[in-house]
Protein chains: 2
Amino acid sequence: MDFSVIGLSDVVEDLVDKLKTGRLMALYFIGSTRTSTIPGLSIAGATPELTLYTPACDVEYLVYGKPKSFDVIPVTPEGIPTPAVITRACINLCNVPYAIVDAGSAIEPKIPHIALPSKRVGDPINTGKAMPYEVAKALYDEARTLAHTLRGVDVYMIGESIPGGTTTTLGILSALSYEAWGKVSSAAPTNPHDLKEKVVREGLEKSGLRAEEARQDPIRAVSTLGDPVHVSMAGFLHGALENKAKVVLAGGTQMASVIAIAKHMNVDLKNSVVIATTRWITSDKSSSLVALVKAIAPSIPIVSINLDFSEAPYEGLRCYEKGYVKEGVGAGGTTFIAHVSTGKGVRDLEKAIYEEYGRLTEKK
Amino acid sequence: MDFSVIGLSDVVEDLVDKLKTGRLMALYFIGSTRTSTIPGLSIAGATPELTLYTPACDVEYLVYGKPKSFDVIPVTPEGIPTPAVITRACINLCNVPYAIVDAGSAIEPKIPHIALPSKRVGDPINTGKAMPYEVAKALYDEARTLAHTLRGVDVYMIGESIPGGTTTTLGILSALSYEAWGKVSSAAPTNPHDLKEKVVREGLEKSGLRAEEARQDPIRAVSTLGDPVHVSMAGFLHGALENKAKVVLAGGTQMASVIAIAKHMNVDLKNSVVIATTRWITSDKSSSLVALVKAIAPSIPIVSINLDFSEAPYEGLRCYEKGYVKEGVGAGGTTFIAHVSTGKGVRDLEKAIYEEYGRLTEKK
């Protein structure tokens, strides 16, 4: 089976029809939060400081096949490559137009990209002051406007690259009083739940934000415990649904904060939104996307694409089966739309991913 | 008649079919050249210095219905409004997705926009040093890459907002040794040909560039006597044609330098490129788009959309019939695609433009 569905399958069937015949567009939102530089929190970079450059390098590599800002593609401290390898292999198999949206990357990516005028790196959320309220609100509005100008599309797929994004997800969800402790994912095989909880509890306390205030105005949750990417994706989601389009949220547990922000902005999420991610996320024992979605918006189904790297000819990819990386840069969602729009089976897509990885490593 | 065709009509018929049923996308390229601040050269702003802010304000107004960086929409020294009024009224009538591309605006537009990483304001071309060669080359390449990522489109329409753009057109064409003296257009009823010629001859002399060098490498013409916008549009045109799409160049005589750059980059311009502009350009006695295109790429037809503001209820629009403004921000091309894609006659489109103008003036 190429993918499995958790939740309402008719919504996914409807989406699959649209993916086969409709007009598609993929957007990858990038941004940074200095939360990712807290030691031990994120392995989306060779060192905590380097995590700030991962988003720009990810999308430079996505477009050009190699980063421009640095010499090497983003890796974990163990040298395991960015999931953008999956994304690049799959997006190149289909003719889907795509664009990069910079919501606040620490460095400007050296590729043509959509800039949100209020783009800004988020501050560490243990301060309880992730970004000014006006900035968070503006990012939401700008991304919503962006969707309006990029109209005439039947299905948008939106993905993310933001190291530290699962911790800000925990922050946003906790500020909105969802029970999310221990449920967000990690790119590491051993999920540093205790550290994430400590960071979020510190931020929550310092912010003094009350849950009912946050639920009435989720921009407050973002400005205290959030980041630039999730609020921008939520704004884009809002605008895309106003365009009467379907939206594929391409990501793991981070998508929970995107739907939570949109929900509390009173966006109707029924029938038109699907989360598409990898099997490494949905089968992860150290997190629960399913539980989060159930608590926030149970009508949103989850598509789990059955990528399996256990037979991969490269150690760096076989590590995915040991719990490394799991998801990112819309890897799962991009594999899903490549599968449906081209009709290629996931085994064929895996081959293309192995080839892309081979090309990368040979280059060195 | 809603529009007339000068040149190969079968290319236009083919385009019209694609505009009716295909996937369209409009892009508006903005940028600045300090050439526009030479007194007497450009009236695309209330003062020579203000012309630097016109591109950002044009596209902010296009998206939001009012500028964000300044309080008022761009006007000529006489108070005649930007042609973006036409563009906004027409783009809002059709469901065509659109985006702004910043190739080097003096101020960053306060709307979501595509940034080319090498974006840069051009220096006055009477110096013979408009921008470093590497920048001009990078802009071309980046815009070409942008077209590749925004693939899956049948017809791209690309327009411009760059005050001083007819003078840089004269510069680029002269560097490439096309006989263009007295042939470029102006937003003023009295075209300052002598001043433009003086500026260009000064730049040519200082640059020391030989025509055969420029014809072999048109990026040299751009780096000495050009601007950031035309080279970016040429690069995008190149990439769009590699996508096997049709391209509507939405503009007046400035489109001559776009096709000249592309031609000398060895891009095959046959059968897939159309220039679409207003009757005010094609009937202008003080310039000749037809002669320029004939000299550069005679296979490219010109569509002249028959907008007529002589019955307009506003003086600011009736001035177009006296030779003011004429074209800009893709006004003619956007009217053309709105006409073909919606089936609305040009008289109806004029009504929408009058309404948009009324909305603007009432607001004040």
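The values are calculated or read from the model by the stated rules, or taken from the named source; none is laboratory data. Computed from a prediction, not measured in an experiment: that's the story for all the values here. Backbone-built Cβ (ideal geometry, glycine too); neighbour counts: all protein chains shown.
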Name the helices (runs of 4 or more DSSP H) wholly within region A:146-265 that hold at least 1 residues that are closer than 25 Å to A:D58 by Cβ and more than 14 Å from every other protein chain (Cβ to nearest Cβ)?
-> A:165-175, A:193-207, A:218-225, A:228-242, A:254-264
Is region A:205-215 home to any residue that is under 19 Å from the mean Cα position of the chain (by Cα), at pLDDT 95 or above and not acidic (D, E)?
-> no
Working carefully through the options B:P109, B:P83, B:P77, B:P97, find the one that is in contact (Cβ under 8 Å) with a residue 12 or more places away in the chain and surrounded by fewer than 22 Cβ atoms within 10 Å (Cβ to Cβ).
-> B:P77
The condition from (1) at negative phi; (2) within 14 Å of chain B (Cβ to nearest Cβ); (3) touching a residue at least 40 places away in the same chain (Cβ under 8 Å) that A:G65 misses is numbered (1)
In region A:19-51, residues that are basic (K, R) and in a loop (DSSP other than H, G, I, E, B) total 1
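Looking at B:A89, B:A26, B:A130, which one is within 17 Å of the chain's Cα centre (by Cα) and either modelled with pLDDT of 95 or more or on the phi < 0 side of the Ramachandran plot (or both)? Walk me through how you get there before you give the answer.
Numbers: B:A89 fails: within 17 Å of the chain's Cα centre (by Cα); B:A130 fails: within 17 Å of the chain's Cα centre (by Cα).
After applying the criteria, what remains is B:A26.
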Which numbered condition B:A221 fails, given (1) more than 16 Å from B:Y133 (Cα to Cα); (2) surrounded by 24 or more Cβ atoms within 10 Å (Cβ to Cβ); (3) among the small types (G, A, S) = (1)
Filter pass, B:T145 being of a type in the set (S, T, N, Q), within 19 Å of B:A262 (Cα to Cα) and surrounded by 20 or more Cβ atoms within 10 Å (Cβ to Cβ) | no
Is region A:110-117 home to any residue that is more than 7 Å from chain B (Cβ to nearest Cβ), of a type outside the set (F, W, Y), within 21 Å of A:G164 (Cβ to Cβ) and in contact with a Ser or Thr (Cβ under 7 Å, 6 or more places away or on another chain)?
-> no
How many of the residues in region A:4-56 are hydrophobic (A, V, I, L, M, F, W, C), in contact with a Gly (Cβ under 9 Å, 6 or more places away or on another chain) and within 30 Å of B:R151 (Cβ to Cβ)?
-> 7
Reported set for region A:112-150 where residues are over 21 Å from B:I91 (Cβ atoms) and charged (D, E, K, R) is A:K119, A:R120, A:D123, A:K129, A:E134, A:K137
From B:E78, B:E60, residue being assigned to a helix (DSSP H, G or I), farther than 27 Å from B:S223 by Cβ and of a type outside the set (V, I, T) = B:E60
Please indicate, with yes or no, whether at least one residue in region A:10-18 is modelled with pLDDT of 95 or more, outside any helix (DSSP H, G or I), more than 14 Å from chain B (Cβ to nearest Cβ) and surrounded by 24 or more Cβ atoms within 10 Å (Cβ to Cβ).
-> no
Name every residue in region B:127-137 that is buried (at least 22 other Cβ atoms within 10 Å of the Cβ) and part of a helix (DSSP H, G or I), in order of residue number.
-> B:A136
Of the residues that make up region A:89-97, is at least one out of contact with any helix residue (DSSP H, G or I) (no Cβ under 7 Å at 6 or more places or on another chain) and over 26 Å from A:V200 (Cβ atoms)?
-> yes
Among B:S4, B:S105, B:S42, the single one that is more than 14 Å from chain A (Cβ to nearest Cβ) and under 15 Å from the mean Cα position of the chain (by Cα) is B:S42
Boolean, A:D58 is charged (D, E, K, R), buried (at least 23 other Cβ atoms within 10 Å of the Cβ), in contact (Cβ under 8 Å) with a residue 40 or more places away in the chain and within 14 Å of chain B (Cβ to nearest Cβ) | no
State whether one or more residues within region A:311-332 are aliphatic (A, V, I, L, M), at positive phi and buried (at least 18 other Cβ atoms within 10 Å of the Cβ).
-> yes
Some residue of region A:82-97 being part of a strand (DSSP E or B), over 25 Å from B:A26 (Cβ atoms) and more than 14 Å from chain B (Cβ to nearest Cβ) | no
Looking at region A:261-274, is at least one residue touching a Phe, Trp or Tyr at 6+ places or on another chain (Cβ under 7 Å) and more than 20 Å from A:L176 (Cα to Cα)?
-> no
Here are some residues: A:T335, A:T361. Which one is surrounded by fewer than 18 Cβ atoms within 10 Å (Cβ to Cβ), in contact with a strand residue (DSSP E or B) (Cβ under 9 Å, 6 or more places away or on another chain) and part of a helix (DSSP H, G or I)?
-> A:T361
